[in-house]
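Since the structure comes first, as structure tokens, the remarks are kept for the end.
The values are calculated or read from the model by the stated rules, or taken from the named source; none is laboratory data. Computed from a predicted model, the values in this text were never measured in an experiment. In case anyone asks, the SASA skips ligands and DNA or RNA and just uses the protein heavy atoms, side chains included. Shrake-Rupley method; radii C 1.70, N 1.55, O 1.52, S 1.80 Å.
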Amino acid sequence: MSKKNKPDNRGFVFSTDPDFKFEAEPDQVTETLAPSRQKLRVWLDTRQRGGKVVTLLTGFTGTETDLQDLGKKLKNYCGTGGSAKDNEIIVQGDQRDKVLQWLLKNGYTQTKKAG
């Protein structure tokens, strides 16, 4: 398959224009904000989880590495499992109070419990 006919993330498969070239979208490397500037929200979520309850942390602005690091610290503090991807951290169980307490203690002053 020629480079001209490879699909891209916008759904284009081919073009009839002989001069058409896919433009690679630049990867946005977002710089991680300081903890005091992060506007995090702590939710209780059960959707698409087979009835299991999880604590969902949204609103993180920063690199994937820093997200993974924060997720690991929160999971260790709560003593549970979970995951961190797509600017969200999932902690198993209803851990909203513990997560909020840890975040406020560690400088995430704009964090709120939402829902």
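For region 40-48, take each phi angle, set θ = phi - 60°, evaluate the Karplus expression 6.51 cos²θ - 1.76 cosθ + 1.60, and give the result in whole Hz per residue in order, putting x for glycine and proline.
My calculation for region 40-48 gives 8, 10, 10, 10, 9, 9, 10, 5, 6 Hz in order.
If you plug each phi of region 83-100 into the Karplus form 6.51 cos²θ - 1.76 cosθ + 1.60 with θ = phi - 60°, what whole-Hz ³J(HN,Hα) values come out, in order, with x for Gly and Pro?
Calculated HN-Hα couplings, in order: 8, 9, 7, 6, 6, 10, 10, 10, 10, 5, x, 7, 10, 4, 5, 5, 4, 4 Hz.
In whole Hz and in residue order, list the ³J(HN,Hα) couplings for region 103-110 that follow from phi through the Karplus curve 6.51 cos²θ - 1.76 cosθ + 1.60, θ = phi - 60°; x for Gly and Pro.
5, 5, 5, 9, x, 8, 6, 8
Collect residues whose amide H, placed 1.01 Å from N in the peptide plane, falls under 5 Å from the amide H of residue 82; neighbours closer than 5 in sequence don't count.
92
Quick one: accessible area per residue over region 35-115, 1.4 Å probe, rounded to a whole number of Å²?
59 Å²
Could you look at region 24-115 and say what percent of its accessible area is carbon and sulfur, using a 1.4 Å probe and all protein chains?
47 percent
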